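Student: Sharing a structure with you now.
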Amino acid sequence: MLSLLAPLANASQHLDFAPAAAAHSTLARAGLIDLDATIISQGLFFAVLLLVLPSMVYKPLLARFDQREARTDGARAQAKALRRQADDEVTRYEAAVANQRRDALTERAETRSHTQQQADQMLETARAETVARINAGIAAQRQAADETRKALSQEATSLGTAIADKLVRG
């Protein structure tokens with residue numbers, strides 16, 4: 001290191017910077033650490049920092065970190081609870097939809113059965129009325145046929161008598 005500072009010392013001799021050059025040459029000879037009164041003040045400053053920094057910097061910083069982690073964990077727990085609640089709501093909704101669907105299918109089947117019974121009753125009533133009308137028509141036709149036969153029989157008798165009278169008189 002002295003070899004590096006030697007040209008500087010030579011240059012300072014030519015200039016009027018002799019006191020500065022002397023300081024540089026002493027600095028070059030001094031080494032890395034000077035053991036003088038400044039080391040005590042630096043030690044005291046370091047000790048004060050060791051006592052002050054934990055209470056003023058590290059503890060509040062660590063408290064902030066813990067608080068942030070607690071908030072994060074709380075938010076995660078709240079999110080999990082909300083997710084469970086949403087899943088429960090979805091399950092309840094799906095169960096309600098399934099129950100409504102089952103009730104609607106049951107009601108539909110009951111309505112269909114009731115409607116089928118009404119249709120069967122209406123068909124039975126219509127059949128009974130139709131059979132009654134047909135039977136009434138057949139009875140009326142038989143009665144008309146009987147009346148017509150009686151009338152024709154009477155007419156045939158009167159015509160036969162008239163023909164016999166003509167033949168006998170004749």
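Student: Once you have the Cα-Cα distance between Leu62 and Glu155, take 0.36 nm times their residue separation minus that, and quote the gain in nm to one decimal.
Tutor: Numbers: separation 93, 0.36 × 93 = 33.48 nm, distance 13.51 nm.
The span from Leu62 to Glu155 would gain 20.0 nm if fully extended.
Student: In nm, to one decimal, how far is the modelled label at Ala98 from the one at Lys166, with both set 7 Å along Cα→Cβ?
Tutor: Taking the two extended label points, one gets 9.8 nm.
Student: So between Leu35 and Arg142, what do we pick up on full extension, going 0.36 nm a residue minus the alpha carbon distance?
Tutor: Value of the extension gain: 23.3 nm.
Student: On a straight-distance basis, which aspartates and glutamates could pair with Lys166 in a cross-link, Cα separation under 17 angstrom, same-chain partners fewer than 8 positions away excluded?
Tutor: Glu155
Student: Please list, or write none, the aspartates and glutamates whose alpha carbon is within less than 18 Å of the alpha carbon of Lys59, excluding same-chain residues fewer than 8 places away.
Tutor: The qualifying aspartates and glutamates are Glu69.
Bear in mind these aren't lab numbers, they're just calculated from the coordinates by the rules spelled out. Model, not experiment: these values are computed from the prediction. Virtual Cβ from ideal backbone geometry, glycine too; neighbours counted across all protein chains shown.
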